[in-house]
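Visitor: Okay, handing you the structure first.
Rule-based calculations on the coordinates, nothing more; no lab input. Since we're looking at a predicted model, the values are computed, not measured. Ideal geometry is used to build each Cβ from the backbone, glycine not excepted, and the neighbour counts take in all protein chains shown.
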Ligand SMILES: Cc1cc2nc3c(=O)[nH]c(=O)nc-3n(C[C@H](O)[C@H](O)[C@H](O)COP(=O)(O)OP(=O)(O)OC[C@H]3O[C@@H](n4cnc5c(N)ncnc54)[C@H](O)[C@@H]3O)c2cc1C
Ligand code: SF4
């Protein structure tokens, strides 16, 4: 193999995990190759077009997966530089302190992590700085302890959301400002990169003001001469040496041609489903069940959260433009009348009639879809699903991804909905009183297919980390137990998923694994300044 194809580190995937890691390792001077199957998201007006994005699914992959019965599955996922962070709602939460321990749920046990919250805490702070998170500490009653304040103040509520926050507070709840990765400077709107628009959650940002892994990580990383990015580079297989202990070759399809690259260290970060698929496809005689899979856990324990979008229709209109500013965690760990964890309440971006028409919700009496869109508060409810070994990713004979999933812990989600319904009924307005609230209406999340299985936005858990090689595929540094130079840094490593969005935890963990890799490569570990920029060499590595 020519030296041009040999690297110190190969990173596969440029999303929350791979992108963040690439940014962290870029100043090391090591030869780094980043392989991304997608291209850059084209900058075009359709970026902000609800029909193109939500109805025509213009930017979703056209790849076909299967469910257990062999039926077609059109996954709601995106293959681009920056991965799914190009499309995410940028609600950037830390897991709660207790999420790292074992928790009893109504539906079973959420297992503990092999690291504590305290071990990840400094990396959460660094990730919040890097991704410019806007938030207020001290408002969320379940918030874990944090070493630093958020780098930016919280994004303010618009009038209708502020009114709801006041109502919730009057009803005894503790609404708080959602921590958000948008580059909004409310004090200086003229110079603010973010214009606070209504096409953020689920849309790519046309003006590059969303804190995504392309803009904040990959773009700066490729400025370093030692970093090479290949786009449209689909990794097909990982080949090991004859001992089976090292990945020796990364086989890539580019422009219809197979190419081979080698790296002293190979990091897989394709998203939890594709990473598991890649390891399973890379089976060989030393790894007959798939690479790094002597434990037989690769592909298993798939989690994706139980999510609902619920529209609360009121007589009062909701003219909010940027709706995703409010969250409620009062029911996260349980309530007086339901002692088990229920989850997290927040918002999706403001729904519009075009998107609603495709999702076909039940119509509120006396309302049209247009009116519903003008009057709805559009909640996003998240409950934890538990790691079930039978919920899994496999590969069929044709090489296609098969996703098998039976939802669990659903009672917790029903209870969460009931609590929201009660809280809404308590809300009052000066014009209509309690009658203002007309009820909660479910919107089918999965426009077009309406198949819950296709909603894989929060995918995680398929290559879990842990101390025991019999029950986990990765060690605490996210290195494969079975191989010496293979790491995984996307959402695959979660042993349990908590009930907040996974992005920040993936980013923080990528920085943590990045520090480990710098030590392994004998490179000084670089500290981040408070504003997220790299400052000085803070620590020299140990031998
Ligand atoms: C609409 C939407 C809204 C969301 N909102 C939020 C939110 O508000 N907050 C939050 O925390 N999370 C949110 N998420 C989830 C969040 O985006 C993901 O958790 C996160 O991006 C996962 O990071 P990852 O590194 O695991 O994978 P990804 O970000 O998916 O990155 C994987 C990358 O690997 C590439 N790849 C895959 N296979 C291969 C291969 N074989 N060869 C080469 N490259 C490959 C892909 O193209 C992709 O770029 C949202 C997701 C979606 C879709
Ligand atoms: S301008 Fe701001 S609100 Fe609009 S998509 Fe970009 S980051 Fe989101």
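Visitor: Starting from the Cα of residue 230, step 7 Å along the direction of its Cβ; do the same at residue 374; then give the gap between the two resulting points in nm.
Guide: 5.5
Visitor: Separate question: Residue 285 to residue 156: FRET efficiency via 1/(1 + (r/R0)^6), r the Cβ-Cβ distance, R0 60 Å, to the nearest 0.05?
Guide: That gives a FRET efficiency of 0.50.
Visitor: If the viscosity is 1.567 mPa s and the temperature 4 °C, what translational diffusion coefficient in µm²/s does Stokes-Einstein give for segment 303-387 when Rh comes from Kirkwood over Cα pairs?
Guide: On the way: Rh = 14.2 Å.
D, rounded to a whole number, is 92 µm²/s.
Visitor: Could you state the orientation-averaged shadow area of the convex hull built on the Cα atoms of the chain, in nm² to one decimal?
Guide: On the way: hull surface 96.9 nm².
Over all viewing directions, the chain projects a mean Cα-hull area of 24.2 nm².
Visitor: Further question on the same structure: Which whole-number percentage describes the relative contact order of segment 49-202, with Cα contacts under 8 Å and a sequence gap of 6 or more? List each step's numbers first, then the result.
Guide: On the way: 181 pairs, mean separation 33.6, N = 154.
Once normalised by length, the contact order is 22 percent.
Visitor: Output needed for segment 206-266: three equivalent-ellipsoid semi-axes, defined as square roots of 5 times the C-alpha gyration tensor eigenvalues, in descending order, whole Å.
Guide: Working: eigenvalues 165, 43, 22 Å².
So the equivalent ellipsoid measures 29, 15, 11 Å along its semi-axes.
Visitor: Right, next: Rounded, prolate or oblate: which fits segment 1-156 when a ≥ b ≥ c are the square roots of the eigenvalues of the alpha-carbon gyration tensor, with rounded for a/c under 1.5 and prolate only if a/b beats b/c? Each step should come with its number before you reach the end.
Guide: Working: a/c = 1.45, a/b = 1.21, b/c = 1.20.
The shape class here is rounded.
Visitor: With the Cα gyration tensor of segment 126-243 giving a ≥ b ≥ c as the square roots of its eigenvalues, does the rule (a/c under 1.5 for rounded; else a/b larger than b/c for prolate; else oblate) give rounded, prolate or oblate? Could the numbers behind the result be given before it?
Guide: Working: a/c = 2.42, a/b = 1.83, b/c = 1.32.
Note, shape of segment 126-243 comes out prolate.
Visitor: If you take the alpha carbon radius of gyration of segment 135-194 and divide it by 2.2 N^0.38 Å, what ratio comes out, to two decimals?
Guide: 1.26
Visitor: To check you understand DSSP bridge types, tell me what percent of the beta bridges within the chain (both residues inside) are antiparallel, rounded to 5. Intermediate values should be presented prior to the final figure.
Guide: Values: 53 of 75 bridges.
Once the DSSP bridges in the chain are tallied, antiparallel ones form about 70 percent.
Visitor: Let me ask something else. Taking neighbour Cβ counts within 10 Å as the exposure measure, how do 56, 468, 8, 490 sort from fewest upward?
Guide: So the ranking, lowest neighbour count to highest, is 468, 56, 8, 490.
Visitor: Rounded, prolate or oblate: which fits segment 191-315, taking a ≥ b ≥ c as square roots of the Cα gyration tensor eigenvalues, rounded meaning a/c under 1.5, else prolate when a/b beats b/c?
Guide: Working: a/c = 3.11, a/b = 1.52, b/c = 2.04.
Cα axes put segment 191-315 in the oblate bin.
Visitor: Next up: I need the semi-axes of the equivalent ellipsoid of segment 74-145: take the C-alpha gyration tensor, multiply each eigenvalue by 5, square-root it, list largest first in whole angstrom. List each step's numbers first, then the result.
Guide: Working: eigenvalues 120, 79, 33 Å².
Equivalent-ellipsoid dimensions as semi-axes: 25, 20, 13 Å.
Visitor: Something else about it: Tell me, in nm to one decimal, what length is gained between residue 484 and residue 411 on full extension, where the rule is 0.36 nm per residue of separation less the Cα-Cα distance? List each step's numbers first, then the result.
Guide: Numbers: separation 73, 0.36 × 73 = 26.28 nm, distance 4.23 nm.
The residue 484-residue 411 span can extend by a further 22.0 nm.
Visitor: Specify the inter-centroid distance of segment 148-187 and segment 1-45, based on alpha-carbon positions, in whole Å.
Guide: 35
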